[in-house]
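Peer 1: Sharing a structure here in structure tokens format.
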Amino acid sequence: RSPGPTDRPLAGRHVLVTAGPTHEPIDPVRYLANRSSGKQGFAIAGALAGLGARVTLIAGPVTLPTPPGVDRYDVETARQMADSVAAALPADAAVMVAAVADWHVAPATQKVKKGAAPPALVLHENPDILATLSRAPDRPALVVGFAAETERVVDHARAKLARKGCDWIVANDVSGDVMGGDSNTVHLVTPTGVEDWPRAGKGEVARRLALRIAERLRGEA
Ligand code: CTP
Ligand code: CA
């Protein structure tokens, strides 16, 4: 039997995924970064490809293999990630899993030497890739953000949904020791409600989210 629409419900769809941290250089040997293994985002890219989507994965610095069937572009900084996202449009859906550094500094061209006083860093805000995409004229039909929170997880996620203008937020409860681990406890926050998903492996969370995205793009949910 040949694969039908139930096996590949995302066939013909283009989905954009960001994953991993970004690194913001301080000088040629030092950087600012967020804590992120990239595992959840890579699992989501793989799960979407498994459902037949054409997947563009824009990855910050991680040491992970590219999931089968995924087109991967490596970037370092938030500003490079923003440019790569814009260049990858149009897309039917976007899932922004990256832990984007909120700030960058003007990097020194030579290695900063330890002196009497430690250097002061002047931080500048990075572009908000998710908020920009959510409000772009060529916006994907479905824009999904992620939010790693340590407290009041659903309240913060609801506020982020409104602030960023995206359609869904996958709120990730990181109050335990899950950073870099293999499972996640997530809540899917939409304008109409909250689904509490059971704690599950990152592959399972990814497959469940990919199926929800497929349903939504087919107008079923
Ligand atoms: N995000 C983004 N660009 C940024 C910052 C965040 O695209 N410059 C995206 C992340 O990929 C994620 C979502 O926005 O999908 C939420 O990120 P988060 O860091 O939780 O949101 P912030 O608005 O930066 O809030 P906080 O102060 O909690 O860090
Ligand atoms: Ca942030």
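The values are calculated or read from the model by the stated rules, or taken from the named source; none is laboratory data. In this text the structure is predicted, and so the values were computed from the model without any measurement. Backbone-built Cβ (ideal geometry, glycine too); neighbour counts: all protein chains shown.
Peer 1: Being closer than 26 Å to LEU217 by Cβ, touching a Gly at 6+ places or on another chain (Cβ under 8 Å), small (Gly, Ala, Ser) and within 9 Å of ligand 1 (Cβ to nearest atom) narrows it down to one residue among ALA131, ALA148; which is it?
Peer 2: ALA131
Peer 1: Another question, if that's okay. Please determine, by comparing only the residues of the stretch 142-160 that are within 28 Å of ALA87 (Cα to Cα) and away from ligand 2 (no atom under 14 Å from the Cβ), which one is farthest from the chain's Cα centre (by Cα).
Peer 2: LEU142
Peer 1: Can you tell me which residue among ARG163, ARG139 is in contact with a helix residue (DSSP H, G or I) (Cβ under 9 Å, 6 or more places away or on another chain), modelled with pLDDT of 95 or more, within 13 Å of ligand 2 (Cβ to nearest atom) and basic (Lys, Arg)?
Peer 2: ARG163
Peer 1: Please work out which one of (1) without any contact (Cβ under 8 Å) to a residue 60 or more places away in the chain; (2) in a strand (DSSP E or B); (3) crowded, with 16+ Cβ neighbours inside 10 Å is the condition GLU204 fails and give its number.
Peer 2: (2)
Peer 1: Quick one: in the stretch 94-104, which of the residues that are within 16 Å of ligand 2 (Cβ to nearest atom) and buried (at least 18 other Cβ atoms within 10 Å of the Cβ) is farthest from GLY41 (Cα to Cα)?
Peer 2: HIS104
Peer 1: Give the residue, chosen from ASP138, ASP102, that is closer than 30 Å to GLY219 by Cβ and among the acidic types (Asp, Glu).
Peer 2: One residue alone meets the criteria, ASP138.
Peer 1: Right, here's the next one. May I ask you to list the residues in the stretch 129-159 that are of a type outside the set (A, V, I, L, M) and either outside any loop (DSSP other than H, G, I, E, B) or surrounded by 18 or more Cβ atoms within 10 Å (Cβ to Cβ) (or both)?
Peer 2: Across the stretch 129-159, the qualifying residues are THR132, SER134, ARG139, PRO140, GLY145, PHE146, GLU149, ASP155, HIS156, ARG158.
Peer 1: Right, next: Can you pull out every residue in the stretch 158-203 that is hydrophobic (A, V, I, L, M, F, W, C) and touching a Phe, Trp or Tyr at 6+ places or on another chain (Cβ under 9 Å)?
Peer 2: Matches in the stretch 158-203: LEU161, ILE169, VAL170, ALA171, VAL186, LEU188, VAL189.
Peer 1: Please note which strands (runs of 3 or more DSSP E) are completely contained in the stretch 47-110 and include at least 2 residues that are modelled with pLDDT of 95 or more, within 16 Å of ligand 1 (Cβ to nearest atom) and touching an Asp or Glu at 6+ places or on another chain (Cβ under 7 Å).
Peer 2: The strands (runs of 3 or more DSSP E) meeting that bar are 54-59.
Peer 1: GLY176 is checked against (1) within 16 Å of ligand 2 (Cβ to nearest atom); (2) within 23 Å of GLY20 (Cβ to Cβ); (3) assigned to a loop (DSSP other than H, G, I, E, B) and fails just one. What number does that condition carry?
Peer 2: Among (1) within 16 Å of ligand 2 (Cβ to nearest atom); (2) within 23 Å of GLY20 (Cβ to Cβ); (3) assigned to a loop (DSSP other than H, G, I, E, B), the lone unmet condition for GLY176 is (1).
Peer 1: Which residues, counting only those in the stretch 39-76, are under 14 Å from the mean Cα position of the chain (by Cα) and among the hydroxyl-bearing types (Ser, Thr, Tyr)?
Peer 2: Scanning the stretch 39-76 gives THR56, TYR73.
Peer 1: Mind listing whichever residues of the stretch 167-189 are in contact with a Gly (Cβ under 7 Å, 6 or more places away or on another chain) and touching a residue at least 60 places away in the same chain (Cβ under 8 Å)?
Peer 2: Selection gives ASP182 alone.
Conditions tested, residue by residue: (1) within 30 Å of ARG199 (Cα to Cα); (2) surrounded by 21 or more Cβ atoms within 10 Å (Cβ to Cβ); (3) touching a residue at least 12 places away in the same chain (Cβ under 8 Å); (4) more than 16 Å from ligand 2 (Cβ to nearest atom).
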residue	(1), (2), (3), (4)
LEU48	yes, yes, yes, yes
VAL62	yes, no, yes, yes
ALA82	no, yes, yes, no
ALA91	yes, yes, yes, yes
GLY115	no, no, no, yes
VAL122	no, no, yes, yes
